[in-house]
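J.: One structure follows; several queries about it will come next.
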Amino acid sequence: MNKNEFISAVAESSELTKKDVDKVLKAMTAVITKELAEGGRIQLPDFGSFKCNERAERVVRNPRTGEQMTSPACKAVKFTPAKSLKESVNK
């Protein structure tokens, strides 16, 4: 499902316009991005939680050439699904 299909499905099930759903989706992603960039955590009941993990600088190997190089430290976003989401998907 792409973004347009997602917006259409949410609009249909919520009785909102596609334009309103698009605004909400953009606002939601902006808030989540801002909170994670500040090191926060987002918890959505019955869906899951998002948080940032710090990755230290490390030595990696290029699989094609075998050359070793350094991967810089960075932040990685981690999503942990809620128990109810896992159960719904696995039915």
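J.: Which of the residues spanning region 9-51 are more than 26 Å from K83 (Cα to Cα) and in a strand (DSSP E or B)?
T.: Those that are more than 26 Å from K83 (Cα to Cα) and in a strand (DSSP E or B): none in region 9-51.
J.: Filter region 57-87 down to the residues that are under 26 Å from the mean Cα position of the chain (by Cα), free of Cβ contacts under 8 Å to residues at least 24 places away in the same chain and open to solvent by less than 80 Å² (accessible area, probe 1.4 Å) and list them by number.
T.: Answer for region 57-87, where residues must be under 26 Å from the mean Cα position of the chain (by Cα), free of Cβ contacts under 8 Å to residues at least 24 places away in the same chain and open to solvent by less than 80 Å² (accessible area, probe 1.4 Å): V60, S71, A73, C74.
J.: What do you reckon, is E54 in a strand (DSSP E or B) and open to solvent by 100 Å² or more (accessible area, probe 1.4 Å)? It would help to see each step written out before you state the result.
T.: Values: in a strand (DSSP E or B): yes; open to solvent by 100 Å² or more (accessible area, probe 1.4 Å): yes.
Yes.
J.: Tell me which residues, restricted to region 1-56, are within 15 Å of V77 (Cβ to Cβ), touching a helix residue (DSSP H, G or I) at 6+ places or on another chain (Cβ under 7 Å) and without any contact (Cβ under 8 Å) to a residue 24 or more places away in the chain.
T.: Passing the criteria: only I42.
J.: Select from region 65-79 the residues that are part of a strand (DSSP E or B) and either modelled with pLDDT of 95 or more or of a type outside the set (S, T, Y) (or both) and list them in ascending order.
T.: Of the residues in region 65-79, the ones part of a strand (DSSP E or B) are 68-71, 74-79.
Across region 65-79, the qualifying residues are Q68, M69, C74, K75, A76, V77, K78, F79.
The values are calculated or read from the model by the stated rules, or taken from the named source; none is laboratory data. All values reported here derive from a predicted model rather than from experimental measurement. When we count neighbours, we look across all protein chains shown, and the Cβ atoms used for this are built from the backbone with ideal geometry, even at glycine. Each accessible area value is taken on the protein alone, full model and side chains, heavy atoms only, with ligands, DNA and RNA left out. Shrake-Rupley method; radii C 1.70, N 1.55, O 1.52, S 1.80 Å.
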